[in-house]
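Single-structure report; data block below.
The values are calculated or read from the model by the stated rules, or taken from the named source; none is laboratory data. Please read all numbers here as calculations on a predicted model, not as lab measurements. FYI the Cβ positions are ideal-geometry reconstructions off the backbone, even for glycines, and counts take in every protein chain you see.
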Amino acid sequence: MTPLLELDGLRTWFPIRRGIFSHTVGHVQAVDGVSLKLEKGKTLGLVGESGCGKTTLARTVLRLDPAREGRILFKGDDVLQLSGEALRRLRRNLQIVFQDPFASLNPRMTVMELVTEGMVTHGLISVARKEEEAVRLLQEVGLGPRALYRYPHEFSGGQRQRISVARAISLRPEVVICDEAVSALDVSVQAQVLNLLMDLRERHGLSYLFISHDLSVVRHIADDVAVMYLGRIVEHGPAQQVMDQPQHPYTQALVSAIPKPKSEGKRRIVLEGDVPSPANPPAGCRFHPRCPYATEQCARNDPMLQEMKEGGLIACLRYGDF
């Protein structure tokens, strides 16, 4: 079966320019050869440290940042080759919920205008039906009609994020990208918004690309998890397997950082050194300067994703040796 959304060798590099004539002297390799698949009705979690390229990947999928090479396939059609009306139709099916709802919601627009603007623009409703559709959308995300004529600054962070979710689902998309959608919220509010997202997934058959640095949140919502480090996927598999039996040293360190009761007595893995610059990534395995198991071979050879006996994929030359 053809995946709903597929990334094939996707690269997004940003030029580094110097001098009076702005000559290109290098590139920031934000996303470098990423391949992923998202099935219909599923949630793919994308995790990693800040600066690893997660948000850039999301923006590239939405055509907000230009791809250097690779393919983005939506229902088999290459998104990067679309333009004009075909691209306009695609935008209805790919929506995003940003990390900071206060920054992503226009402060000069009422809630009714915010959640119906896209529907009017794409001709899904007439101007006369804006209020009716806005009430329906707000009820779906747990807000009442009293919010219609209020402005974003009049709401709490959790309520603003619910408005962002309502705006994202207003166009009846098939894929919603959640870019750190709950990271700025209190823990109790996080749980409410996560439950809302899962409820909407079941109700509307949505598929999510859920980006987060919080693995405990991803465990709660994702079917599959891809772990990203310095622009590349280093481990990919079913969520339960990746969380309970991480194989890549980087994934093991991330999982060990999840807060646990003292009674479990699990050791925290602390990585040494800083994350290398994506403008000058290390040769060989990009993780080897911080990896406790690295050898000279890791410094020379670049690992490719390979299948694991446990299922899933891993990019590690020493897989099975530790």
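Determine whether the stretch 54-64 contains at least one residue that is closer than 28 Å to residue 240 by Cβ, under 16 Å from the mean Cα position of the chain (by Cα) and of a type in the set (Gly, Ala, Ser). Yes.
Note on the stretch 1-40: among residues that are at pLDDT 95 or above and hydroxyl-bearing (Ser, Thr, Tyr), the one that is surrounded by the most Cβ atoms within 10 Å (Cβ to Cβ) is 12. Taken together, the residues in the stretch 126-156 that are part of a helix (DSSP H, G or I), surrounded by 16 or more Cβ atoms within 10 Å (Cβ to Cβ), free of Cβ contacts under 8 Å to residues at least 60 places away in the same chain and not β-branched (Val, Ile, Thr) amount to 7. In this structure, residue 68 does not satisfy being basic (Lys, Arg) and closer than 30 Å to residue 119 by Cβ.
From the list 227, 217, the lone residue that is under 18 Å from residue 50 (Cα atoms), under 12 Å from the mean Cα position of the chain (by Cα) and among the aliphatic types (A, V, I, L, M) is 227. The number of residues in the stretch 261-300 that are assigned to a loop (DSSP other than H, G, I, E, B) and either over 22 Å from residue 226 (Cα atoms) or under 24 Å from the mean Cα position of the chain (by Cα) (or both) comes to 20.
Residue-wise test of (1) of a type in the set (Lys, Arg); (2) modelled with pLDDT of 95 or more; (3) touching a Gly at 6+ places or on another chain (Cβ under 9 Å).
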residue	(1), (2), (3)
49	no, no, no
71	yes, yes, yes
92	yes, no, yes
104	no, no, no
120	no, no, no
125	no, no, no
128	no, no, no
131	no, no, no
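Any residue in the stretch 1-23 that's over 24 Å from residue 80 (Cβ atoms): show its pairings with residues that are surrounded by 10 or more Cβ atoms within 10 Å (Cβ to Cβ) and at pLDDT below 95 at Cβ separation under 6 Å, as long as the two are six or more apart or on different chains. What qualifies is 18/25. If I ask for residues that are part of a loop (DSSP other than H, G, I, E, B), surrounded by 17 or more Cβ atoms within 10 Å (Cβ to Cβ) and without any contact (Cβ under 8 Å) to a residue 40 or more places away in the chain, which ones from the stretch 53-90 would you list? 63, 82 - these are the residues of the stretch 53-90 that are part of a loop (DSSP other than H, G, I, E, B), surrounded by 17 or more Cβ atoms within 10 Å (Cβ to Cβ) and without any contact (Cβ under 8 Å) to a residue 40 or more places away in the chain.
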